[in-house]
Amino acid sequence: MKAQFGQATHWEERYRLIMQAGKNLPRPEPQQLAQMQLIAGCEAKVWFQFCPQNDRTFTFNAYSEARILNGLLWLLVQEINGKSAQQLQHFDVTAYFAELGIAQRLSATRLNGLKQIEQILHRL
């Protein structure tokens, strides 16, 4: 997916890729959503969950009511899944999305919600 973003020369192409990526994030069942943490500070509702694994890494679940956020969350989860707490302590959401060429187009409220997730990662 990173390669596709690198090849996209216009924001419209990147936006389309984000929207397509969001289709990969399934809508959780109501009982699953109830177990996830509601993230404050985002313009749409965002839920996030981390699951410690036996090998000292983490897997993550995320979901939003907004399609664009689902795409951003899917991209984020693909990047952070399977990482250790030590690796996640240094993860920078803004730098990651800047690397994909989309950080400058994210609204302050979208970025704020993603930065809240970053704070969770840093506390693992």
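The values are calculated or read from the model by the stated rules, or taken from the named source; none is laboratory data. Since this is a predicted model, take the numbers as computed values, not measurements. Here Cβ is always computed from backbone atoms with ideal geometry, including for glycine, and neighbour counts include all displayed protein chains. All accessible areas refer to the heavy atoms of the entire protein, side chains included, with ligands and DNA or RNA removed. Shrake-Rupley method; radii C 1.70, N 1.55, O 1.52, S 1.80 Å.
Hey, any hits in region 62-77 for a residue that's in a strand (DSSP E or B), at pLDDT 95 or above and buried (at least 16 other Cβ atoms within 10 Å of the Cβ)? Before you say what the answer is, go through the steps one by one.
Going residue by residue through region 62-77, those that are in a strand (DSSP E or B) are 62-64.
Checking which are at pLDDT 95 or above leaves us with 62-63.
Okay, now just the ones that are also buried (at least 16 other Cβ atoms within 10 Å of the Cβ), so 62-63.
Yes, some residue in region 62-77 is in a strand (DSSP E or B), at pLDDT 95 or above and buried (at least 16 other Cβ atoms within 10 Å of the Cβ).
In region 8-25, is there at least one residue being assigned to a loop (DSSP other than H, G, I, E, B) and within 18 Å of I117 (Cβ to Cβ)?
Filtering region 8-25 down to residues assigned to a loop (DSSP other than H, G, I, E, B) leaves 8-10, 23-25.
With the extra rule that they be within 18 Å of I117 (Cβ to Cβ), the set shrinks to 24-25.
Yes, some residue in region 8-25 is assigned to a loop (DSSP other than H, G, I, E, B) and within 18 Å of I117 (Cβ to Cβ).
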Here the residues within region 1-23 that are under 17 Å from the mean Cα position of the chain (by Cα), at pLDDT 85 or above and open to solvent by less than 80 Å² (accessible area, probe 1.4 Å) are R14, L17, I18, M19, A21, G22
Inside region 77-111, can you point out the residues that are closer than 16 Å to G22 by Cα, in contact with a Lys or Arg (Cβ under 8 Å, 6 or more places away or on another chain) and β-branched (V, I, T)? I102
What pairs come out if I take residues in region 26-49 that are within 17 Å of V77 (Cα to Cα) and assigned to a strand (DSSP E or B) and pair them with residues that are hydroxyl-bearing (S, T, Y) and open to solvent by less than 100 Å² (accessible area, probe 1.4 Å) whose C-beta lies under 6 Å away, six or more apart or interchain? V46/S64; W47/Y63
Considering residues of region 36-58 that are under 12 Å from the mean Cα position of the chain (by Cα) and of a type outside the set (F, W, Y) only, the residue surrounded by the most Cβ atoms within 10 Å (Cβ to Cβ): V46
Subset of region 79-124 [polar (S, T, N, Q), at pLDDT 90 or above and touching a helix residue (DSSP H, G or I) at 6+ places or on another chain (Cβ under 8 Å)]: Q89, T94
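Within region 38-62, track down each residue that is in contact with a strand residue (DSSP E or B) (Cβ under 7 Å, 6 or more places away or on another chain) and over 12 Å from G113 (Cβ atoms). Give the derivation first.
Step one: list which residues in region 38-62 are in contact with a strand residue (DSSP E or B) (Cβ under 7 Å, 6 or more places away or on another chain), which gives 38-39, 44-53, 56-62.
If the condition is that a residue be in contact with a strand residue (DSSP E or B) (Cβ under 7 Å, 6 or more places away or on another chain) and over 12 Å from G113 (Cβ atoms), then Q49, F50, C51, P52, Q53, R56, T57, F58, T59, F60, N61 are the ones that fit.
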So, in region 94-110, how many residues would count as being closer than 15 Å to Y15 by Cα and without any contact (Cβ under 8 Å) to a residue 60 or more places away in the chain? 5
